[in-house]
Structure formats: structure tokens, C-alpha cells
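I am attaching a structure below and will ask some questions about it afterwards.
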């Protein structure tokens, strides 16, 4: 097992853990964390590919930086939405948000 | 390179500067902010439209990351128009419901910027950044009515789904980057498929397709759509259903055009299945809907299925049909949700189909806009929707996808039923619908403009079709 | 020395960065912990009373639920911190390539920081930094 595949496996595990958590979790904060895990898996992939494969040295790192920034923005907006919802429902359980259906 | 660089991002700068100025105005000049902000928003969206329509930068900018050809400029104009219309529709709507702050207008402009970036990206990084900018802005826009639980819930659902899509997309782009070694879209997707990179390329592409499928709500990934469309404020739904879908579809069209034949051979069956599923499920589920916004949501899902069907013909000259239908679709959905916005009373959204009973006689013009848009969505002549559907099915049959076209035609025939049902409700005299106060001359004007455009494109479509085929042919070379 | 095989010397040598040392350390630590826990559980006298079941034995008596709700400003500040903190990453990455980027890079990062500053003022003027009262200016 070479070093690249170690990184890739860890990245894939992170991504799948995020996806699984998103499907399993009913807690909004937990879902937010799962989303971050998915993005981190992708970032790890970019870094590993950049280190081991890519011809242009910096591109993967730049992409990772951007993913970091976006993940932070996403978390901030997600937290604000959760906060707005919490003020109305007094719960962060996602199953309480079931008004719209049809 | 540097010269064209600045010209390329002129519309982007205009939108971004407009957004920042609006935020500044909202924070620092509290008195007159409510007068200035809509004007600022309108001006910067108009600037973006004008600069992308009339200024040809003559070459890709930003180190070749941002395309500036006719394709992206055409879509930039469409997005500017969508933004202008949304601004017009939401002006009264937002003020009456108390969310017309700087954040609403500013974020709307940022979302428009994201759309232009997505449609014009020739580099994965720009595509990703534009898409995230668009999605993040839309989360905020959907939650704009802070005190409305439905709005919050819709924002939450869109947030969760959008983030999952973002995760898939990012991971897919990472895999594509690994396999092809480039972040340049056309160079990456245009590289030939070998035994070495086949698995990676297909994995990356399918992950990216899952992300895109969420964003344009193709059928296995469509479950969020009706909830979000119903919960979001109606002008935002208009913006969301047109702008974000058209933008992502434009990007998908670009990917398909520049993908290598060998790659395309694997993608085409996938698209076939997705298109058939989307057309059938979208239309059949729409039959059972009792809420207008949900019905329109399912209809917009089905519309994406039709476009995806024509996307299959992209290697045989179907691209101009796709672009034409995307433009027409933007008009139709904008008009339909805009009509919901201007027909809604102040206290709540007019959502239940029964609330529209007899509306055609109480508000003939506004209900007329809705009726024409529904007519066009159903694909009945003499509207633009008819011509659009015609070119779509023509392209698909020309490329040899007769079976899929048959599925599509059957689905379209089913769809006529629910569109006409709404029409019947609008023009049945039996109901009692409250009178809605006027929502300003601007909203009516925008509605009339959409109505006129839909009819005009239905009767004389050829100028736009020719222009589009010129644009598309320049892209594929 | 000859009786020890070469491979064992390499594996035990502290100068080779390998996972072996870590594994030994891990096993030792886990074993020690297990032994201590087992012995203290086995040899200790088990007598239950109300005093012992408290969270902090001989400590301050707990009052109320531990799961109290934090006031909303905490979340707001956390969110702002998140945003402004991560933006520092861009400034750092500019800083390490400072010489190569030249004046154009300086101008760009200045613009970036100015926008950040504007957004900080935006938050401030909108009342996001006000602590205590939840009434916000509009």
C-alpha cells in the first residue's frame, strides 16, 4: 500500500462517515458536522493528489484553501438557519421541521 | 491578457460592487436606505446585463479560467434579466412582508453573480466557487422571512440538500483532478479515456453528476424541490427555480459539449435514464398536487427532464435547442411564480389551488399572466413553450433517441391535464377569491413583459434561434 | 551480538522512524491502564450511598440541569469568529508568497482586508456585537 492510497482511503472514509452521519443524524448540529466531514474528505483528496500526482504544484492547495473558506461560510449560514428555526420550535431535532409536505 | 481580464469581469464587478454598496447603505445610512437600496440593486443588475450584452472582451480572462464567449455572455444577459424581474416582483412583496432589508437585495445580487460565474466557468475552481456562492446566497434568500416557519424550514431543507450536493461535487472534482491532472474543464473532460483512468474518470463524473442532479433536481435527487419551492417566498422561488437551474444546466451543457466521445458514450445512457425518470415522475406526481407552488415545483422538475432529453443530442447539434428551451423555461417559470407573488395577499401566500377559483375574472391581467405561463409550460401553441418543446423533441429524434422522445411526448400529454386543471380553476366563476391589492406598476409591467415575450417567441422564434445557434457553434469549436 | 537477528535490531532501533515503537508504547499504555482499572475495581470495597453517586464527591452540590441553554449571543459570536478566523488563512497564504506576488498581490490583499473590515463594521452597526439585550437596532 503506497502512501497516496492511504490518504485516499482516509478521505473516502471521512466522506462516507459524513454521508452516513447525514442520513442517520436527526440533530441539526450533528448534520452540520457531517457536512463538514464530507468537505474535509474532499479537501484531503485534493491535498493528496496535489502532493503525489499533479503537475502544477499549488493548485490543489489553493482549492483546499477555498474549500476551507466555503465550509466556514456554510457552517455560519447553517448555524444561523438552525438558530432561526430553534427560536420557533425550541428544538434542533430535524424531525420537528415537518410542516411542508404533500 | 490583463486587458481582457478586466473587461471579462465587468458584469461580475458590477454585481459584487452593487452588493457591497447595498450592505454599506443598509448599515451606515439608515434613514434613506429603503429608498436607495432597490435603486442600487436595479442599477447594478442592469449594468451587469448591459455590459455582458454589449461589451465583447474578446478572449477568456482570468488566466483562462473565465470564459467570455457568446455562450457565457448570453447566459449572463439571461441571469441579469432574471435578477431584474425578481427585483421587480419582490419589491412590493418584500416591503409588505417586512423583509426588504439590505440583506435581501445584496444577497440577491451575490446569487446572480454566482449564476454568472457558474455559467461562464471554464475552470473547476470557478465553477465550484460560483455554485457555492449561488447556493449560500439562496439559503439566505429562502430564509428571508425570518418569522415564517415555512420559510425557515424550506431554507433548512435546501441547506441540507445543497450541502450534500456540494460535498459530492467537491469530491467528484477532486477525483477528476486526480485522474486528469488538470482543473481546466475542457482539457480535463476532453482527454481520452484509457484503461488506466476509466474507473477514476467515471467515478469522478458520476459524483459530479450527483451534485448537479441535486441542484437541477433530477428525479432520484428531487425530493427537496416541492418543499423548498412551497416554503420560500414566491419571488425567491421564481429566482431559485429559474436562475439556479438554468445556471447549473448551462454548466452541464458546457461539460457535455467538451467531453470526449469515449466519456460521452458512458454518460449518455445515464442521462437517458435520468431524463426518462424525471419526465415521468415529475409529471405524474404533479397530477396529485393541490397546492399551486408544489404543482409548479413538480412541473419544473419535469421541464428539466425534457431539457436533459435534448442534452443527449448535444453531439448532433442539439445544444441550441437546449439553450433556447432554457431561455424560454426561465421566462415561463419566472412568470408563473411571479404571478403567484403578485396574486398573493399581504397576510399569507396564496397557495392552495382553491384560493385561485375565479381569479381570472377578479384580476384578469395577473391571472392572465399565470394562464399564459401555464399554457407555455404545457407546450401549447401559440406560446414560446410550444416552439421550445418542438425544438427539443426535434433534436432528440434527429439524434436517434426516438424511444426517449416518445416517453417525453407521453409525459407531456399527461402534463397538459394538470395545467388545464389549474386553468379551469382560474376561470371558473363559482369561487370566492379575495381581491388582492395592486402591487405596483413595476410588477405589472414585468408581468406584461414576460407575457409579451412568451407570445412573441411563440410566433416569431427564428431570430433568437438563429442567434443561439451562432453562439453555440462558436462554443463547440 | 551475533545471536540477535538483524531484523530485530532494525525494528528495535530508536533511530528508525517506524510504527513499531508506537505500537509497543500503545500496548504498554493500554495494558497498564487495564491492569490499574482491573485492580482498583477488584480490590476496592464497593459500598453505595447517596454521597458517592454525586457527580463531584465532596464537591459543590449541583443545582439544576447540566444541559442549560446558552444565550443566543454566544452563537452569534461563534459564527462571526468562524468567518473572520478562516479568512486569516487567505492572509497567511498571501504572506508566505509575499515577495513573489509583489505590489499587485499587496493591492489585492489590501482590498480583501478592506472588505473584511467593512463587513466587521456592518456587523457592528447592525448590532450583532451587542451583548446582553436581544433588542437589535434596525
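Can you tell me how many residues within segment B:442-466 are assigned to a helix (DSSP H, G or I), free of Cβ contacts under 8 Å to residues at least 24 places away in the same chain and more than 28 Å from residue B:91 (Cβ to Cβ)?
Counting residues in segment B:442-466 that are assigned to a helix (DSSP H, G or I), free of Cβ contacts under 8 Å to residues at least 24 places away in the same chain and more than 28 Å from residue B:91 (Cβ to Cβ) gives 3.
Check B:358, B:379 and return the single one that is at pLDDT below 90 and more than 24 Å from the chain's Cα centre (by Cα).
Details: B:379 fails: more than 24 Å from the chain's Cα centre (by Cα).
It is B:358.
Return the residues of segment B:88-105 that are buried (at least 24 other Cβ atoms within 10 Å of the Cβ) and within 14 Å of chain A (Cβ to nearest Cβ); say none if nothing qualifies.
none
Which one of C:24, C:35, C:86 is within 30 Å of residue A:84 (Cβ to Cβ) and at pLDDT 85 or above?
Working: C:24 fails: within 30 Å of residue A:84 (Cβ to Cβ); C:35 fails: within 30 Å of residue A:84 (Cβ to Cβ).
Of the residues listed, the single one that is within 30 Å of residue A:84 (Cβ to Cβ) and at pLDDT 85 or above is C:86.
For segment B:7-39, name all the residues that are within 14 Å of chain C (Cβ to nearest Cβ), in a helix (DSSP H, G or I) and free of Cβ contacts under 8 Å to residues at least 12 places away in the same chain.
Listed by number, the residues that qualify are B:13, B:24, B:28.
Out of all the residues in segment B:400-416, is one or more under 21 Å from residue B:451 (Cα atoms) and surrounded by fewer than 22 Cβ atoms within 10 Å (Cβ to Cβ)?
Checked against the condition, which is being under 21 Å from residue B:451 (Cα atoms) and surrounded by fewer than 22 Cβ atoms within 10 Å (Cβ to Cβ), segment B:400-416 yields at least one hit.
Just a yes or no: is a residue in segment B:135-148 facing another protein chain (nearest Cβ under 7 Å), touching a residue at least 12 places away in the same chain (Cβ under 8 Å), under 15 Å from residue B:231 (Cα atoms) and assigned to a helix (DSSP H, G or I)?
Yes.
Looking only at segment C:100-115, decide whether some residue is at pLDDT 85 or above, away from chain A (no Cβ under 14 Å), surrounded by 12 or more Cβ atoms within 10 Å (Cβ to Cβ) and within 28 Å of the chain's Cα centre (by Cα).
Within segment C:100-115 (the criterion being at pLDDT 85 or above, away from chain A (no Cβ under 14 Å), surrounded by 12 or more Cβ atoms within 10 Å (Cβ to Cβ) and within 28 Å of the chain's Cα centre (by Cα)), the answer is yes, since at least one residue qualifies.
Further question: Among the residues in segment A:40-63, are any farther than 17 Å from residue C:89 by Cα and under 10 Å from the mean Cα position of the chain (by Cα)?
Yes, some residue in segment A:40-63 is farther than 17 Å from residue C:89 by Cα and under 10 Å from the mean Cα position of the chain (by Cα).
Tell me the residue from B:72, B:52, B:44, B:90 that is in contact (Cβ under 8 Å) with a residue 24 or more places away in the chain and under 17 Å from residue B:334 (Cα atoms), please. So that I can check it myself, show each step before the final result.
Numbers: B:72 fails: under 17 Å from residue B:334 (Cα atoms); B:52 fails: under 17 Å from residue B:334 (Cα atoms); B:44 fails: under 17 Å from residue B:334 (Cα atoms).
Matching residue, one of B:72, B:52, B:44, B:90: B:90.
Out of all the residues in segment B:123-134, which are more than 7 Å from chain A (Cβ to nearest Cβ) and in a helix (DSSP H, G or I)?
B:124, B:126, B:127, B:128, B:130, B:131, B:133, B:134
Of all the residues that make up segment A:83-96, how many are more than 9 Å from chain C (Cβ to nearest Cβ), at pLDDT 80 or above and within 14 Å of residue A:32 (Cα to Cα)?
So the answer is 0.
Would you check if residue B:284 is surrounded by fewer than 21 Cβ atoms within 10 Å (Cβ to Cβ), within 29 Å of residue B:338 (Cβ to Cβ) and at pLDDT 90 or above? Give the steps one after another, and end with the answer.
Values: surrounded by fewer than 21 Cβ atoms within 10 Å (Cβ to Cβ): yes; within 29 Å of residue B:338 (Cβ to Cβ): yes; at pLDDT 90 or above: yes.
When the stated conditions are applied, residue B:284 passes them.
A follow-up question, please. Residues A:54, A:42, A:48: which one is at negative phi, facing another protein chain (nearest Cβ under 9 Å) and modelled with pLDDT under 85? Give the steps one after another, and end with the answer.
Numbers: A:42 fails: modelled with pLDDT under 85; A:48 fails: modelled with pLDDT under 85.
On inspection, the qualifying residue turns out to be A:54.
Can you tell me which of (1) surrounded by 24 or more Cβ atoms within 10 Å (Cβ to Cβ); (2) closer than 23 Å to residue B:10 by Cα; (3) within 12 Å of another protein chain (Cβ to nearest Cβ) is the one residue B:120 doesn't meet?
(3)
The values are calculated or read from the model by the stated rules, or taken from the named source; none is laboratory data. Quantities reported herein were computed from a predicted structural model and do not represent experimental measurements. All Cβ positions, glycine included, derive from the backbone under ideal geometry; neighbour counts span all protein chains shown.
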